[in-house]
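So the structure is just underneath, and the comments pick up after that.
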C-alpha cells in the first residue's frame, strides 16, 4: 500500500550460495532450501476500486530571531491501476516472400496485462533569508514507487505450437534528492552562489516470475509446462529473478557573477562576467540472481500437464524429480562510477541598448568506469573512459524594437552513455520476448547546436516566435536490434554521424479583442509545432550506408492547447492536443532484421476546473479522449517508410481513456 514490498517476495535467507547450488542443485539440502521459497503461482481475478490520488500541502512564511523563513511542504499519494487488453505482438521470419512481399510469422501473441501502481511522494523546501544580501535554501524531494504487473500471453508459433505464457513481476524504487544552497550579494554588483547536493536511488526486483506452457496447435490436450530436460535453466521457463540496484550521487557547484558598467546604468546595460565550477560523483552497484526449475530427471507428463498451481507446489520438488538450479552468470552484476569535474567562464556584453551578446566556454573532465565479468569465461571486463570536452557557446541578440527581437545561438554539448547502456548484463524482457543487453564499446556522443530565432511579444504574457535549428551529431547513440544467435536482442550502438534540422513555431496568444464576444476574450491559444529533417550515416555492422532518419526523431510534432478562463465565475477549461510523426523505434541491420517504426497517434486531453466558494475547487479531467492505438510496424520492404497494407505489424495495443474527478480544499 505504500510502495514497499511487504517482505513476502524476498529471497529466503536459507537459500545456499551460487557455488553451493552449482556443485549440487539436486542434493536434499539444496532442494529443501528452495521449498521455503514464497508461493510461485497465486493468480486470482479481482475487481478494483477507482484510482485514488491525494495531496496535502503546507506553505508558511514566518520570522525567528530576525531571520525570515519560508517553507513549502507537500505529501502526495496515488494508488492506480492499468488494464491493457489485447496487446498484439508478432515476429516474422527473416526474409519476406518475393512474390507477396509478406513475411511468414515466427509467432503471433496476444497479451492481456494488468498493473497496480503506488506512489508516495514528499517534498520539503526551506528558505532562510538571513539578510537582504544573504539567503540559504534547503530542498528535499523523496518518491517511493511500487509496481506490480501480471501479463497473460496466448498465441502460436510457426512450429504449429499453441502457447500460454505468464509473467508476474514486482518492482520498487526509492528516490531521494536533496540540495543545500546559498546566495550571497558580496557587493552591489557581485554575487556568489553555491550548491551541494546528494541523490540516492534504490531499485529492487524481488521474485519476478515467468513461465511458458504449450500444446499442439488446434488440439484440446492439456498445456505442458515447459522446463529444460537438463540441469541448465532458462530465464523464460519456470524462472525466478531477483535484482538490486543502489546508486549514490554527490555534487557541488560554485558560481560567481560580477557586473561592470556605469554607476547609473540599468541592469540590462551592464556587462556581466560569470565563472563557476561543478563536480559530480556517481557510484552504482547492481547485482542479479536467478533460478529456474529443471527436469533433468525426466519426470512424467502427469506433473508437466498439471495446472500451474499444482505444478508449482513445493511437494513436486525432490532430488529425483523437479528441482531448482542456479542460472546466475558472471555478467549478472556490475559496479560503475562516473566522475565529472567542470568549469566555465561566461560574459554577457551589451554593445548597445539593442544589441547584446553572451560568450562562454565550459570544460568538462569526465571519467566513466564500469567493472563486470565476461559471460562464460568470468574474465574481468573493465570500461574506463576518461574524456575532456571543450564546450563553447555564444548567443547574439538584437532588439528591432520593444516587441521584436532576433537571436542567434551556437553551443557544443555531449551525450554520455548511461551505465545500463554500457553494462553487458543481459535482461530478459517478457513483454517483447527479447533479451536487452548493453554495449561496453559505446562512445560518448557530441552535438553541435545552431539556432536562429525571431521573437515577437504582442504583450507581456504573449509570444510568437519562429526559429530554425541545425544539429550535427558525432557518434549518436541509438536503440537497435541485434542478432543473438537463433533469436534477437535489443541493444544500443553508435552511428557514425548524423544531423537534424528543422523549423519550430511557438505561440502563446490571447484571443482578447478578436471579436466582441466575452467568451472569445477568455480564450488563450498555446502552440508548439516543429518540422524536422534528420539524416544518419549508419555505422552498425552489416548495415548499408544509405541515409535514414535518426532513431527516435520524428519528422514533425505538434503540441497545442486552447485555454478558457472566466475569472468572474472562477471557471476554466482547457483542451490539449499532441501528435508525433512516424519515427524509428528500433534500428534494424538492413539485412536480416528490418527497422521498426512507431506510427503517429493523436492524443486529446480535456480538463475542467470550477471554484465553489473561496475554499473549494472541483476538477474533472479526461485523458486520451480518442484512445487511438499504439502501432509499431516493421519496414518489411526496407523503403524507409511504412505502408500498413504492405509492411508487417510488429506490435499494437490501446491503453484506454482515463477519467478523473478531484476536489481541492484550501484551509
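See the values below:
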| read-out | value |
| --- | --- |
| First in segment 362-391 and on the phi > 0 side of the Ramachandran plot, second anywhere and assigned to a loop (DSSP other than H, G, I, E, B), Cβ under 8 Å, 6 or more apart | 376/329; 376/330; 378/330 |
| Residues of segment 208-226 classified as closer than 30 Å to residue 12 by Cα and modelled with pLDDT under 95, total | 0 |
| Per-region count, segment 201-238, residues assigned to a strand (DSSP E or B) and loosely packed, with under 15 Cβ neighbours inside 10 Å | 1 |
| Only listed residue being crowded, with 16+ Cβ neighbours inside 10 Å, farther than 30 Å from residue 310 by Cβ and assigned by TED's automatic domain parsing to the domain that holds residue 8, chosen from 167, 181, 251 | 181 |
| Check on residue 603, at pLDDT 90 or above and within 22 Å of residue 93 (Cβ to Cβ) | no |
| Test: residue in segment 322-338 that is part of a strand (DSSP E or B) and within 21 Å of residue 253 (Cβ to Cβ) | yes |
| Residue pairs meeting the criteria (Cβ under 7 Å; at least 6 apart or on separate chains; first surrounded by fewer than 14 Cβ atoms within 10 Å (Cβ to Cβ), in segment 23-41; second assigned to a loop (DSSP other than H, G, I, E, B)) | 28/319; 36/12; 36/14 |
| Of all residues making up segment 126-160, the number that are assigned to a strand (DSSP E or B), over 26 Å from the mean Cα position of the chain (by Cα) and closer than 30 Å to residue 72 by Cα | 11 |
| Candidate set from segment 626-648 (those that are closer than 22 Å to residue 84 by Cβ and surrounded by fewer than 18 Cβ atoms within 10 Å (Cβ to Cβ)); member that is farthest from the chain's Cα centre (by Cα) | 644 |
| Candidate set: segment 271-303, residues that are on the phi < 0 side of the Ramachandran plot and in a loop (DSSP other than H, G, I, E, B); chosen: the one surrounded by the most Cβ atoms within 10 Å (Cβ to Cβ) | 295 |
| Any strands (runs of 3 or more DSSP E) falling wholly within segment 601-667 and containing at least 1 residues that are within 22 Å of residue 431 (Cα to Cα) | 630-634, 649-653 |
| Strands (runs of 3 or more DSSP E) lying entirely in segment 432-519 (those with 2 or more residues that are more than 23 Å from the chain's Cα centre (by Cα), closer than 30 Å to residue 151 by Cα and in contact (Cβ under 8 Å) with a residue 12 or more places away in the chain) | 477-484 |
| Whichever residue in segment 525-538 is part of a strand (DSSP E or B) and surrounded by 18 or more Cβ atoms within 10 Å (Cβ to Cβ) and, among such residues, is modelled with the lowest pLDDT | 536 |
| Failed condition for residue 228, given (1) touching a helix residue (DSSP H, G or I) at 6+ places or on another chain (Cβ under 7 Å); (2) on the phi < 0 side of the Ramachandran plot | (1) |
| Candidates 71, 84, 63, filtered to the one that is touching a strand residue (DSSP E or B) at 6+ places or on another chain (Cβ under 8 Å), without any contact (Cβ under 8 Å) to a residue 40 or more places away in the chain, over 23 Å from residue 327 (Cα atoms) and in a strand (DSSP E or B) | 63 |
| Residue match in segment 547-567 (condition: part of a strand (DSSP E or B), in the same structural domain as residue 478 (by TED's automatic domain parsing), in contact (Cβ under 8 Å) with a residue 60 or more places away in the chain and in contact with a strand residue (DSSP E or B) (Cβ under 9 Å, 6 or more places away or on another chain)) | yes |
| Candidate set: segment 413-431, residues that are part of a strand (DSSP E or B) and at pLDDT 95 or above; chosen: the one farthest from residue 290 (Cα to Cα) | 413 |
| One residue from 661, 604 being without any contact (Cβ under 8 Å) to a residue 60 or more places away in the chain, surrounded by fewer than 16 Cβ atoms within 10 Å (Cβ to Cβ) and closer than 30 Å to residue 55 by Cα | 661 |
| Selection within segment 461-485 - under 30 Å from residue 404 (Cβ atoms) and surrounded by fewer than 20 Cβ atoms within 10 Å (Cβ to Cβ) | 461, 462, 463, 464, 465, 466, 467, 468, 469, 470, 472 |
| Residue check for residue 8: under 27 Å from residue 212 (Cβ atoms), assigned by TED's automatic domain parsing to the domain that holds residue 114, free of Cβ contacts under 8 Å to residues at least 60 places away in the same chain and assigned to a loop (DSSP other than H, G, I, E, B) | yes |
| Qualifying residue in segment 101-108 (condition: touching a strand residue (DSSP E or B) at 6+ places or on another chain (Cβ under 7 Å), touching a residue at least 60 places away in the same chain (Cβ under 8 Å), closer than 23 Å to residue 224 by Cα and not in a strand (DSSP E or B)) | no |
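The values are calculated or read from the model by the stated rules, or taken from the named source; none is laboratory data. Computed from a prediction, not measured in an experiment: that's the story for all the values here. We place every Cβ from the backbone using ideal geometry, glycine too, and count neighbours over all the protein chains shown.
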